[in-house]
Amino acid sequence: MDFKTILYDVQDGILTITLNRPERLNAFNNAMRDEVIAALDAADADDEVKAIIFTGAGRAFCAGADLGGGGDTFNYKPKDPGIPRDGGGLLTLRIFECLKPVISACNGAAVGIGATMQCAMDIRLASENAKYGFVFSKRGIVPEAASSWFLPRVVGISTALEWTFSGRVFPADEARSRGFVRTVYPADELMPAARALAKEFCNETSAVSVAMARQMMWKMLGADHPMEAHQIDSRGVYFTGKSEDAQEGVKSFLEKRPANYPGKVSSDMPEFFPWWEPRDFN
């Protein structure tokens, strides 16, 4: 794939998406937004990709929006009537809909959209060199990338408000202690750790099961009652329970051998998927 602002590399079932504008500390622009979305589209369509890792080239993860436009950087001038959609939100909503597990391997500064894009990722790992900042109040704008939905669900409302009220930049250790980051590693151990974790999601697991679990967990964060989860669980168990993957899962366990799941995310998702879109059910 001919990308200009990211690197797309698949090895052993793991896709690494590297934000690749190191001369600008991987500052986010429209081209990067479009390329990351295209990369996620390609990953969802590729059954060889079982997990995705995001990281940054050079010494930063993503230093936020490219401020090359000066004071008018955030002064959008839409061509069509109405309010234009936030570019960061287009990205995080695409991550939200992804069918593959998404891991952040934050190698350096992650500010603004560099921090908020990680809110939509499933597991966040960090280098000792990482630092984070939800700096919108210091730029005269508001939190973007749907982070007003994601961030409180990840770290709780009080921490989310503290970080966004102050706009301060804080180290990886604070991100870990507040629950934003799972583990902090020495710089040279970050990517090996991320790949080791991704392999756990790839080896001897059903890709269809993993894709369903990801969507079930994320979508239920907005549910009003556990009955909504029970309804989806019941459908999921019914339809996956009669699949070839379920047959293989039980047989491999009883035969004490590694499983080899035939199911493909591109073609074998349960017939009611995606259940959150308006559909007629019989």
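Summary of computed values
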read-out: All positions within segment 184-229 that are polar (S, T, N, Q) and out of contact with any helix residue (DSSP H, G or I) (no Cβ under 7 Å at 6 or more places or on another chain); value: 203, 205, 215
read-out: Unmet requirement for residue 181, which otherwise passes all of (1) assigned by TED's automatic domain parsing to the domain that holds residue 155; (2) outside any helix (DSSP H, G or I); (3) surrounded by fewer than 17 Cβ atoms within 10 Å (Cβ to Cβ); value: (3)
read-out: Helices (runs of 4 or more DSSP H) contained entirely in segment 124-178, each with at least 2 residues that are in contact with a Pro (Cβ under 9 Å, 6 or more places away or on another chain) and buried (at least 17 other Cβ atoms within 10 Å of the Cβ); value: 157-166
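The values are calculated or read from the model by the stated rules, or taken from the named source; none is laboratory data. Computed from a predicted structure; not experimentally measured. Because the Cβ atoms are built from the backbone with ideal geometry, glycine has one as well, and the counts that use them run over all protein chains shown.
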